[in-house]
Amino acid sequence: MNLFKKISDWFSSASRPEDPGYWISVKCNRCREKIRARIDLRNDLSIEYGGAQDARPTFFTRKLLVGESGRCFQRIEVELTFDADKHLLSREIQGGTFDDEQPA
Ligand SMILES: [Zn+2]
(Lines give C-alpha, C1' and ligand atoms only; values in the text may rest on other atoms or scores of the structure.)
Protein backbone atom coordinates (compact mmCIF):
# COMPACT_ATOMS: atom_id res chain seq x y z
CA MET A 1 0.00 0.00 0.00
CA ASN A 2 1.54 3.30 -1.00
CA LEU A 3 1.38 6.43 1.06
CA PHE A 4 -1.21 8.16 -1.12
CA LYS A 5 -3.55 5.21 -0.82
CA LYS A 6 -3.14 5.24 2.93
CA ILE A 7 -3.95 8.92 3.13
CA SER A 8 -7.00 8.66 0.90
CA ASP A 9 -8.24 5.72 2.97
CA TRP A 10 -7.83 7.79 6.08
CA PHE A 11 -9.74 10.66 4.55
CA SER A 12 -12.57 8.50 3.31
CA SER A 13 -13.04 6.92 6.71
CA ALA A 14 -12.78 10.28 8.44
CA SER A 15 -15.38 11.88 6.20
CA ARG A 16 -17.86 9.08 6.67
CA PRO A 17 -21.07 10.62 7.93
CA GLU A 18 -21.11 10.45 11.69
CA ASP A 19 -24.10 9.21 13.57
CA PRO A 20 -25.63 12.54 14.60
CA GLY A 21 -26.98 11.00 17.77
CA TYR A 22 -30.02 12.13 19.60
CA TRP A 23 -29.84 15.54 21.26
CA ILE A 24 -31.77 16.36 24.37
CA SER A 25 -32.19 19.79 25.87
CA VAL A 26 -33.24 20.09 29.47
CA LYS A 27 -33.70 22.85 32.00
CA CYS A 28 -32.54 22.54 35.59
CA ASN A 29 -35.33 22.83 38.15
CA ARG A 30 -33.12 24.74 40.57
CA CYS A 31 -31.17 27.26 38.53
CA ARG A 32 -33.00 27.13 35.18
CA GLU A 33 -29.76 26.48 33.39
CA LYS A 34 -30.22 24.86 30.01
CA ILE A 35 -28.17 21.75 29.45
CA ARG A 36 -27.79 19.98 26.18
CA ALA A 37 -26.57 16.43 25.90
CA ARG A 38 -26.03 14.03 23.08
CA ILE A 39 -27.14 10.45 23.23
CA ASP A 40 -24.96 8.20 21.13
CA LEU A 41 -27.51 5.89 19.54
CA ARG A 42 -24.85 3.28 18.85
CA ASN A 43 -23.04 3.18 22.17
CA ASP A 44 -25.24 4.62 24.87
CA LEU A 45 -28.26 2.37 24.50
CA SER A 46 -28.88 -0.95 26.15
CA ILE A 47 -31.22 -3.34 24.44
CA GLU A 48 -34.34 -4.56 26.19
CA TYR A 49 -36.20 -7.55 24.91
CA GLY A 50 -39.95 -7.49 25.27
CA GLY A 51 -41.85 -10.21 27.07
CA ALA A 52 -43.68 -11.51 24.02
CA GLN A 53 -41.73 -13.71 21.65
CA ASP A 54 -42.48 -11.62 18.57
CA ALA A 55 -42.04 -8.30 20.32
CA ARG A 56 -39.36 -6.13 18.85
CA PRO A 57 -36.67 -5.07 21.25
CA THR A 58 -36.52 -1.56 22.57
CA PHE A 59 -33.52 0.49 23.56
CA PHE A 60 -33.06 2.23 26.83
CA THR A 61 -30.62 4.76 28.18
CA ARG A 62 -30.25 6.74 31.37
CA LYS A 63 -28.28 9.98 31.50
CA LEU A 64 -27.24 11.94 34.52
CA LEU A 65 -26.77 15.60 33.69
CA VAL A 66 -25.21 18.33 35.81
CA GLY A 67 -25.03 21.97 34.78
CA GLU A 68 -21.72 23.47 33.82
CA SER A 69 -22.05 26.71 35.75
CA GLY A 70 -20.31 25.13 38.74
CA ARG A 71 -22.75 26.93 41.02
CA CYS A 72 -25.51 24.36 40.97
CA PHE A 73 -25.09 20.71 41.69
CA GLN A 74 -28.59 19.60 40.93
CA ARG A 75 -28.48 16.25 39.20
CA ILE A 76 -30.95 15.80 36.40
CA GLU A 77 -31.77 12.24 35.55
CA VAL A 78 -33.14 11.51 32.11
CA GLU A 79 -34.43 8.15 30.93
CA LEU A 80 -35.16 7.57 27.28
CA THR A 81 -36.71 4.60 25.56
CA PHE A 82 -36.38 4.09 21.82
CA ASP A 83 -38.04 1.59 19.56
CA ALA A 84 -36.14 -0.87 17.38
CA ASP A 85 -35.72 1.84 14.72
CA LYS A 86 -34.21 4.20 17.30
CA HIS A 87 -37.23 6.48 17.39
CA LEU A 88 -38.10 7.90 20.76
CA LEU A 89 -40.92 6.03 22.47
CA SER A 90 -41.00 7.58 25.90
CA ARG A 91 -38.96 9.77 28.18
CA GLU A 92 -38.78 10.55 31.86
CA ILE A 93 -36.97 13.29 33.70
CA GLN A 94 -36.24 14.03 37.34
CA GLY A 95 -34.70 17.23 38.65
CA GLY A 96 -35.50 19.24 35.55
CA THR A 97 -37.85 19.63 32.62
CA PHE A 98 -37.41 18.96 28.96
CA ASP A 99 -36.74 22.26 27.28
CA ASP A 100 -39.36 21.66 24.62
CA GLU A 101 -42.22 21.14 27.06
CA GLN A 102 -44.12 23.62 29.15
CA PRO A 103 -43.24 23.61 32.82
CA ALA A 104 -45.89 21.82 34.85
ZN1 LIG B 1 -29.04 23.88 38.23
Here the gain from full extension of S69 to D54, 0.36 nm per residue of separation minus their alpha-carbon distance, amounts to 0.7 nm
Of the candidates G67, S90, V78, the farthest towards the positive dipole end of the stretch 43-100 (Lys/Arg Cβ +1, Asp/Glu Cβ -1, centred on the Cα centre) is G67
Quick calc, K34 & D83: beta-carbon distance into FRET formula, R0 35 Å, rounding 0.05, result 0.80
Compactness summary of the stretch 21-98: radius of gyration and Dmax from Cα atoms, Å, are 14.1, 49
Full extension between S46 and S90 adds, at 0.36 nm per residue less the Cα distance, a length in nm of 14.4 nm
Heavy-atom accessible area per residue of the stretch 21-98, all protein chains kept, 1.4 Å probe, expressed in Å², is 65 Å²
Those trypsin sites (Lys or Arg not before Pro) from the stretch 52-87 that are DSSP loop and have at most 12 other Cβ neighbours within 10 Å turn out to be R71
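The values are calculated or read from the model by the stated rules, or taken from the named source; none is laboratory data. From a predicted model like this one, the values you see are computed outputs, not experimental measurements. Ideal geometry is used to build each Cβ from the backbone, glycine not excepted, and the neighbour counts take in all protein chains shown. Calculation scope for accessible area: heavy atoms of the full protein, side chains included, ligands and nucleic acids excluded. Shrake-Rupley method; radii C 1.70, N 1.55, O 1.52, S 1.80 Å.
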